[in-house]
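Since the structure comes first, as structure tokens, the remarks are kept for the end.
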Amino acid sequence: MAEVLVLVDHTDGVVRKPTLELLTLARRLGEPSAVLLGAGADTATETLGRYGARKIYVVDAPEVDEYLVTPVVDTLTQIAERTAPAAILLPSGPDGKEAAARIALRLDSGLITDAVDVTAGPEGPVTEQSAFAATHQVTAHVTRGVPVITVKPNATAPEPAPTDPVVEKQDVVFGPASAGVRVLSRTRRERGDRPELTEADIVVSGGRGVNGAENFALVERVADALGGAVGASRAAVDAGWYPHSHQVGQTGTQVSPQLYLAAGISGAIQHRAGMQTSRTIVAVNKDPDAPIFELADHGVVGDLFEVLPALVEEIERRRS
């Protein structure tokens, strides 16, 4: 079987969940080969092998840490030229999509971004995407070259498939463009106990109906009870009730959790575009005609200040 290259998203060898999802999807297409840039191979090898990586290509060069996206492009392009993979999979964040576009251009290949599913087809990988503000599902496949695909987080559940991977160090020639922008410093972002918004299996979001920054504590209580992340609509963010980094929507963060709970959110198309691919959607709104109910799998017509505390109590009761 042909190799499938998977770009490893990690911090000092601690592999992030989207990479494990990519390895799970890669096994549908061929033999997963992880591509790890930077230090941390010793730490990452056990995790990558547990989720099916047959090979781990390691590139630990100064350029990887000193410069921005272009070293990733140089690395994946050159490894692809050596291995002729069945596909190249990357996480669908800003860096992943920029790198994917450049790789596809260099390889004269087709590009698919923001896939929510990837399967094997007679002519190569077949993807599903949400298009036109998530109002349509599109099935597509690349018709030329090595398919370069970015996949949204939570597209699939990571499934272990233990292997004993072969670790190969790779030499990469970094082009002049790699040195175009140098990283001068890095500051570690402060993280709380909640999961990352894009990676969370459960997201609880508040909107205009929360009616104030102080009331987002109730949304946070529900998220913490469920072990989820906190999101916010654009209206809530623009009002200054919650940080912009938590905005869910077409112009904010796009999420695809297993469960999305929308509290006090009317369901404007801008917001729906950022969460419509969620597996299960639950809406709480006192307006029975709110557009969010057209999308929801389960809806509660009621005051969120009564519904959410009752929900937290029920969750805690069942866990006690």
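Taken as a whole, the range 131-144 holds no residue that is outside the structural domain of ALA290 (by TED's automatic domain parsing), in contact with a strand residue (DSSP E or B) (Cβ under 9 Å, 6 or more places away or on another chain), within 30 Å of ILE56 (Cα to Cα) and at pLDDT below 95.
Just the residues that are at negative phi and either in contact with a Gly (Cβ under 8 Å, 6 or more places away or on another chain) or surrounded by fewer than 15 Cβ atoms within 10 Å (Cβ to Cβ) (or both), please, taken from the range 248-259.
As a first pass, look at the range 248-259 and keep what is at negative phi: 248, 250-259.
Once the filter is applied, which keeps residues that are at negative phi and either in contact with a Gly (Cβ under 8 Å, 6 or more places away or on another chain) or surrounded by fewer than 15 Cβ atoms within 10 Å (Cβ to Cβ) (or both), the range 248-259 yields VAL248, GLN250, THR251, GLY252, THR253, GLN254, VAL255, PRO257, GLN258, LEU259.
Only residues that are within 16 Å of the chain's Cα centre (by Cα), of a type in the set (Gly, Ala, Ser) and over 15 Å from SER266 (Cβ atoms) were counted across the range 232-249, and they come to 1. For the range 28-44, the criterion of being surrounded by fewer than 21 Cβ atoms within 10 Å (Cβ to Cβ) and among the β-branched types (Val, Ile, Thr) is met by at least one residue. Answer with yes or no whether ALA101 is more than 30 Å from THR187 (Cα to Cα) and either of a type outside the set (Val, Ile, Thr) or surrounded by fewer than 19 Cβ atoms within 10 Å (Cβ to Cβ) (or both). It is false that ALA101 is more than 30 Å from THR187 (Cα to Cα) and either of a type outside the set (Val, Ile, Thr) or surrounded by fewer than 19 Cβ atoms within 10 Å (Cβ to Cβ) (or both). If the condition is being modelled with pLDDT under 95 and hydroxyl-bearing (Ser, Thr, Tyr), then the range 1-20 contributes only THR11.
Report yes if VAL14 is on the phi < 0 side of the Ramachandran plot, of a type in the set (A, V, I, L, M, F, W, C) and buried (at least 21 other Cβ atoms within 10 Å of the Cβ), otherwise no.
no
Considering the conditions (1) in a strand (DSSP E or B); (2) touching a residue at least 24 places away in the same chain (Cβ under 8 Å); (3) not β-branched (Val, Ile, Thr), GLU128 is excluded by exactly one of them, (2).
When the criteria are applied in full, THR127 meets the requirement of being at pLDDT 95 or above, under 13 Å from LEU25 (Cα atoms) and surrounded by 16 or more Cβ atoms within 10 Å (Cβ to Cβ). Scanning the range 256-311 for residues that are closer than 20 Å to GLY228 by Cα and touching an Asp or Glu at 6+ places or on another chain (Cβ under 8 Å) gives PRO257, GLN258, LEU259, THR280, ILE281, VAL282. In the range 157-179, the residue that is surrounded by the fewest Cβ atoms within 10 Å (Cβ to Cβ) out of those that are more than 19 Å from ALA39 (Cβ to Cβ) and of a type in the set (Asp, Glu) is ASP164. Considered as a group, the residues in the range 260-276 that are under 11 Å from ARG208 (Cβ atoms) and surrounded by fewer than 22 Cβ atoms within 10 Å (Cβ to Cβ) include one that is modelled with the lowest pLDDT, and that residue is ALA268. Consider the range 277-293 and keep the residues that are under 25 Å from THR198 (Cβ atoms) and surrounded by fewer than 19 Cβ atoms within 10 Å (Cβ to Cβ). The one that is nearest to the chain's Cα centre (by Cα) is ARG279.
The values are calculated or read from the model by the stated rules, or taken from the named source; none is laboratory data. What you are looking at is a predicted structure, and each value in this text was computed from that prediction instead of being measured. Methodologically, a virtual Cβ is constructed for each residue, glycine included, from the backbone with ideal geometry; neighbour enumeration extends over all protein chains shown.
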